[in-house]
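Participant: Below are the structure tokens for one structure; questions will follow.
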Amino acid sequence: MTQNISPVGIQFTETMRGYFSSKVKDDYESAAGQGEKDNSKFEFTLTVTADNLDNFLSEENHQARLVGSVTAPAISAQPLQVNDGEFNLFVVDASRVETRKMRYRMQMVAEDGKVYYLDGFKLIHNDPGFDLWSDTTTLYIDVYDGENDSSPLLGKGILNILAEDFMHQMTTIEATNAETIEQNLEAVARFGYFFAGVLFEIYGGIFAKANVFNPDAPPRQKRPLRLNAPQVHFFNTSDGVQLRLTRYQGGAKGPVILAPGFGTSTLAFSIDTVETNFPEYLYANGYDIWLFDYRASADLPSATTQFSTDDIATKDWPAAVAKVLELTAAETVQVVGHCIGSMSFMMAMLAGLQGVRSAVCSQLTTHPIGSALNEIKAGLRLASFLTVLGVETLDPDFDTKSDWQDYLYDAVLRLYPTKERSSSPVDRRILFMYGEVYKLDQLNEATHNAIHEMFGPANLTFFKHISLILRQDHIVDQYGKDVYLPHLERLAIPISFIHGADNTFFLPKGSEITYNLLSEKNGKDLYTRHLIPGYAHMDCFMGKNSSRDVFPLVLEELEKGN
């Protein structure tokens, strides 16, 4: 007797129903609405078969075969046949954070031999509210008049699984080539465990498994940057702190100093996980770029020491500008400052900094207006409270070797109120320490996975200072003295303010106040202000589409000063 050596597989049958329209081709919702209005139904019953369950569950694309029939009167009076379609279960969407797709791609053959092509997807992403059911039962379809998706687009639509069809689908899940009832049950259980496990990872809320940073993992492969070899210059401030400038000389424009936010390094500008980062963009446009790691940089030992924003403004900025002028023999520099890099620059100018001819200031200015949650934390003087408990620094890192206190800390942070929900403990710590500094929807998956590379420890002296500023509604020194704003005439240089329209970390109202105040004091012709639709805070510079949506605007403002 010949033994069956075929691998055990899995199969199930799925029925989906909805509406399709050839009149609307630019929006799924509108197309489905038009199809419903025209009574243009679109239905299919497909059997999904994976001949090798081990491969189906372990391979990255989780590919299976589709066969069945499609009923779409707007396309064919008779049912269309599907003989060799392709199904992918839970493939990672590299363009969105913590998002997977179910893909349906298949040729549909009419009775007369005419071929149509369907490309459909279900988007699996944990949005606010309970959307598990709608995500896993909603299919967005594109139908093409031909054999593949290079053919002319015929129309769009949306299909859904009805409750009764879903109940039937559950009864169709079975193993193929199983020799015993036990083998069949084991295969079905393995498939169910994998399916439920992925959904639990995405939608499990505070009980979802942590997406942790593993320090023992091999270094990720980084793409080469489209820049020349860097020139790295270390230099000391007046109080003996060693800082760093990294130069990429793409041309004679500038020189331009790029200063990142607090608790990050200049890697936030030069991260390789986006198609074109900010230094690459400026380099291609002929700029002499200087990445400025001030004392709060995650790459410098000084990040773990105690200091205030006053130290950055009155010691770090003068030393950096002087060093760039010395090395380039330029008379003046330009500046692009983000967050604390922006606010500390303005404080430096108000304290008497010379040698800057124009600037672009991102998100944070002389009048930071925090979100309600940040205002509450400032009002509660959380930093002072943590200092009493003996905490001097906060760190966003969470790795697989964390002790039980770190796991308890993370469990508490899962309950922290925020719109940006994530399964990453690193995200949760960043959200707690700083606020909603990026919109996850604006990041690609590679950038999100590399977030831990950009952030580092933050000292509580700084947090006490920024909390004081938030309570005062404008910049003051760390003792609460109003030493900066009396000198607004020192900011009489061209400055462009950019602000993410969706920034809930530091609200756009803050840069509006600064813009109006400086315009009234020094003349409106010196200043411009831009709101960036769809962006929040840090994602303006590391977003997956920043080179398209943000960088050209910054370049335009810099060009005015050259």
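Laboratory data are not the source of any read-out in this text; all were calculated from the coordinates shown. Remember, predicted model here, so these are calculated numbers, not experimental data. Counting neighbours? That spans all protein chains shown, and the Cβs are built from the backbone with ideal geometry, glycine included.
Participant: Once you place label points 7 Å from the Cα toward the Cβ at Asp119 and Met170, how far apart are they in nm?
Facilitator: Using points 7 Å along Cα→Cβ, the separation is 3.5 nm.
Participant: What whole-number distance in Å separates the alpha-carbon centres of segment 8-24 and segment 445-507?
Facilitator: Cα centroid of segment 8-24 versus Cα centroid of segment 445-507: 50 Å apart.
Participant: Compute the FRET efficiency between Ser151 and Leu553 as 1/(1 + (r/R0)^6), taking r as their Cβ-Cβ distance and R0 = 35 Å, and round to the nearest 0.05.
Facilitator: Working: r = 37 Å, r/R0 = 1.07.
Efficiency, rounded to the nearest 0.05: 0.40.
Participant: Kindly state, to the nearest 0.05, the FRET efficiency for Thr305 paired with Lys509, given R0 = 25 Å and r defined as their beta-carbon distance. Before the final figure, lay out each step's value.
Facilitator: Details: r = 33 Å, r/R0 = 1.31.
Computed FRET efficiency for Thr305 and Lys509: 0.15.
Participant: I would also like to ask the following. What nm distance separates the two modelled labels at Ala501 and Gln183, each placed 7 Å from Cα along Cα→Cβ?
Facilitator: Using points 7 Å along Cα→Cβ, the separation is 6.0 nm.
Participant: Quick one: order Met167, Met102 by neighbouring beta-carbon count within 10 Å, fewest to most. Before the final figure, lay out the partial values.
Facilitator: Numbers: Met167 10, Met102 19.
Ordered by Cβ neighbours within 10 Å, fewest first: Met167, Met102.
Participant: For each pair in Lys323/Lys521; Lys253/Lys323; Lys41/Lys122, compute the distance between the two Cα atoms and list the pairs where it is over 21 Å.
Facilitator: Details: Lys323/Lys521 31 Å; Lys253/Lys323 17 Å; Lys41/Lys122 19 Å.
Too far apart for the 21 Å limit: Lys323/Lys521.
Participant: Follow-up. What is the packing order of peptides 314-326, 258-270, taking the mean over residues of other C-beta atoms within 10 Å and listing the highest first?
Facilitator: Working: 314-326: 20.5, 258-270: 26.5.
The packing order, highest mean first, is 258-270, 314-326.
Participant: Can you tell me the length gained on complete extension of the stretch Glu326 to Asp26, counting 0.36 nm per residue apart and subtracting the Cα distance? All intermediate terms of the calculation are to be shown ahead of the outcome.
Facilitator: Values: separation 300, 0.36 × 300 = 108.00 nm, distance 5.51 nm.
Length difference between fully extended and current span is 102.5 nm.
Participant: For Asn516 and Asp38, compute 0.36 nm times the residue count separating them, minus their Cα-Cα distance, and round to one decimal in nm.
Facilitator: Details: separation 478, 0.36 × 478 = 172.08 nm, distance 5.27 nm.
Gain on extension, Asn516 to Asp38, equals 166.8 nm.
Participant: Shifting gears a bit: Which shape class, rounded, prolate or oblate, goes with segment 325-367 when its Cα gyration tensor gives a ≥ b ≥ c as root eigenvalues, a/c under 1.5 marks rounded, and past that a/b bigger than b/c marks prolate? Don't skip to the end; give the middle numbers.
Facilitator: Values: a/c = 2.76, a/b = 1.82, b/c = 1.52.
Taking the square roots of the gyration eigenvalues as a ≥ b ≥ c, segment 325-367 is prolate.
Participant: Sticking with this structure for a sec: Determine, for Asp293, Asp288, the number of other Cβ atoms within 10 Å of each Cβ, and report the residues in order from fewest to most.
Facilitator: Values: Asp293 26, Asp288 21.
So the ranking, lowest neighbour count to highest, is Asp288, Asp293.
Participant: Would you pull out the residues with amide H under 5 Å of Lys439's amide H, same chain only if 5 or more places away, H placed 1.01 Å from N?
Facilitator: When sequence neighbours closer than 5 places are left aside, the close amide H contacts are Ala536, His537, Asp539.
Participant: Quick one: what are the phi-derived ³J(HN,Hα) couplings along segment 178-192, Karplus 6.51/-1.76/1.60 with θ = phi - 60°, whole Hz, x for glycine and proline?
Facilitator: With the stated coefficients, segment 178-192 comes to 6, 8, 9, 4, 4, 5, 5, 5, 5, 5, 4, 5, 5, 5, x Hz.
Participant: Further question on the same structure: Taking the number of other C-beta atoms within 10 Å as the exposure measure, put Ser30, Ser308 in order starting with the fewest.
Facilitator: Working: Ser30 14, Ser308 20.
Lowest count first: Ser30, Ser308.
Participant: Let me ask you something else. Would you please give the residues with an amide H less than 5 Å from that of Thr99, counting only those at least 5 places away or on a separate chain, with H modeled from the backbone geometry?
Facilitator: Amide H to amide H, under 5 Å and 5 or more residues apart or across chains, Thr99 pairs with Asp93.
Participant: Provide the gained length on full extension for the span Asn545 to Ala492, in nm with one decimal, where the gain is 0.36 nm per separating residue minus the Cα-Cα distance. Mind showing how you got there, number by number?
Facilitator: Working: separation 53, 0.36 × 53 = 19.08 nm, distance 3.25 nm.
Stretched out fully, the Asn545 to Ala492 stretch lengthens by 15.8 nm.
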